[in-house]
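Notes for the one structure printed next.
The values are calculated or read from the model by the stated rules, or taken from the named source; none is laboratory data. This one's a predicted model, so the numbers in the text were calculated from it and none came from an experiment. Here the Cβ is made from the backbone with ideal geometry for all residues, glycine too, and neighbour counts use every protein chain on show.
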Amino acid sequence: MAHSPLFKTLIHLLKSANSQSLQRRVTSSSTSRKKSWSRRRFLRYSTLAGGAAIATLTDLPNWRPALGSTHPTIAIIGGGIAGLNAAYQLKKLGLRATVYEAKSNVGGRIQSGSLIDRELVNDFGGSFVNTDHEDILALAEEFGLELFNRFEHADTSQVTETAFYYEGRLIPEAEMAEKLSPLAAQIGSDAALLEEDFDTYVELFDVLSVTDYLNQHQDKILAPFVRTLIESGIRTEYGVEPEEASVLQLLFNLPTVNQDAVEPLSSDETFCFKEGSGKLIESLSNALSGQIRTGLCLRRIQSRNEGFQLTLEPRESRQGNPLVVNADYIILAIPFPALRRVDLQTPLPDGLRQFIQEVDLGRNEKLFAGFRDRPWRQATGFTVDAWTDLGFAQLWEDTQRQPEQQNGVLTFFMGSREVRPDLPVLVLGQQFLSRLDRQLPGTATAQMGHFVRTGWANDLDIGGGYTNFKPGQYLKFSEFLYIESENPEERVDVHIGNLVFAGEHLSDEFYGYMNGAAQTGRLAAEVIANLVQQTASQHSTSTSITALNNL
């Protein structure tokens, strides 16, 4: 599922407006993206990684690959990128883990295919990669996967990069920037308060919804389409209505100004995989040959002495009886909606159980439409994406990475109430094209009449798009989010003994992104590696003491 480029768009608009309200937040040119991100999280974790390169598990200072007679049984539940990356990182250390996946195929919310046209690849789930998504970028480099830069290849000499279709017209970027500026100044001022005194102001803001916040500052919204744009961004970014999203999720995405340039802290969404993001899943799967078992649903986890007993049922009843697995270590890498159906007979903190029960995934879906050519590349069109009030918040060209093809595919991206599961896909697709044709004449006649719609919210193994924090939830559950830091006092790992958790929903820095899943998979593997080493060390010490006592 792609996150929306809303905040990149807003930042670009702010730059066009030359907003003076951001100048007091100037940073030096040496400020790294990592440190800029820690500003976004309000300096609470200001030493986060220090801009250093991603550490691999083999970089752990005290890790000893030779574990003697220790051969732990490691079970990973979930074959999305979090689970696959955890297994892959462990394998590089000589630790073998088995990945159990409920579906017949792995990848979770990262799937690619050619359902519209066999010559064109489309990402049905996760697609875009930010320039600071170091885990995904590292994996792409390691497997030799080509990334496509969406903005370097956008020809804007005659057609704009991003279009805004509101109130029945194409709104010029300069006008959008002008009308947006006062609200942006208010957001900047409030984000500065959080940076100055996080503990005081986080409680005040976290209880506010985006709707509350916009209502409080209605006087700074100079045109109705400004509010519509912000609300559209929340629907696409988090898959909920603005009243269901903590305003912290808006404040988190403020730009930093470096002299006269505005640098995004989130959602620059520069890259996509040339052959589809599913190629990353394919590469990880190939690297884990013999370690993946599909078609098995986790039903129960029971604590047993120092380990666990897992009960997994075949997805198809005819495939046999339940499988019982004894494991020394477990990584749970499935979304919370799926985890709620698992009988967790193991001690967990009340707060973590509440987190599992209360925090949901938003509802986002894509509708793909095929075209014989690319009529959106006209004077009133766009080369990358567009924002609208036409019943779909956003659309973009999903085949920009395949310029050699004449035909193309548009992705209509919907969030929350925009998702219309009650309408047949053909009906909804024709509605969208009819409305778009009023702004882009020729799109309706260029269509192939072929539409495909995703259904992530109805998938029982997933349950939606990506994580959303409702008002009050971020602060309530932030202690259960991974914090990556070289300082042990600031680092936070999410595990209860030998039961370790992973997934995008547990990444403080990148929740809602493919990178959040990959990052927490790597961090979960690091937790397992350290636990195994501690056990091996304890065993070695115990053996030495016994030998001494026998002298």
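In table form, for the structure just shown:
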item: Which listed residue, of S104, S127, is outside the structural domain of L436 (by TED's automatic domain parsing) and hydroxyl-bearing (S, T, Y); result: S104
item: Number of positions in the range 274-307 that are within 30 Å of the chain's Cα centre (by Cα) and either in contact (Cβ under 8 Å) with a residue 60 or more places away in the chain or outside the structural domain of N530 (by TED's automatic domain parsing) (or both); result: 22
item: Members of the range 424-441 found to be touching a helix residue (DSSP H, G or I) at 6+ places or on another chain (Cβ under 8 Å) and either assigned to a loop (DSSP other than H, G, I, E, B) or crowded, with 16+ Cβ neighbours inside 10 Å (or both), listed by number; result: L433, L436, D437
item: Test set (1) more than 20 Å from R235 (Cβ to Cβ); (2) at pLDDT 95 or above - R401 fails condition number; result: (2)
item: Enumeration of residues in the range 194-228 that are among the small types (G, A, S) and surrounded by 19 or more Cβ atoms within 10 Å (Cβ to Cβ); result: S209
item: Residue selected from the range 161-174 under the condition acidic (D, E) and buried (at least 16 other Cβ atoms within 10 Å of the Cβ), by the criterion farthest from D385 (Cα to Cα); result: E173
item: Yes/no for F355 being in contact (Cβ under 8 Å) with a residue 12 or more places away in the chain and touching a Phe, Trp or Tyr at 6+ places or on another chain (Cβ under 7 Å); result: yes
item: Residues (under 30 Å from E146 (Cβ atoms) and among the acidic types (D, E)) located in the range 384-434; result: D385, E397, D398, E404
item: In the range 442-498, the residues that are assigned to a loop (DSSP other than H, G, I, E, B), surrounded by 19 or more Cβ atoms within 10 Å (Cβ to Cβ) and polar (S, T, N, Q); result: T454, N468, N498
item: Every residue from the range 265-315 that is aromatic (F, W, Y) and more than 16 Å from Y100 (Cβ to Cβ); result: F271, F273
item: Flag if A140 is modelled with pLDDT of 95 or more and crowded, with 19+ Cβ neighbours inside 10 Å; result: yes
item: Contacts under 7 angstrom Cβ, first residue in the range 243-256 being among the acidic types (D, E), partner at pLDDT 90 or above and surrounded by fewer than 24 Cβ atoms within 10 Å (Cβ to Cβ), 6 or more apart; result: E243/S209; E243/T211; E244/S209; E244/K470
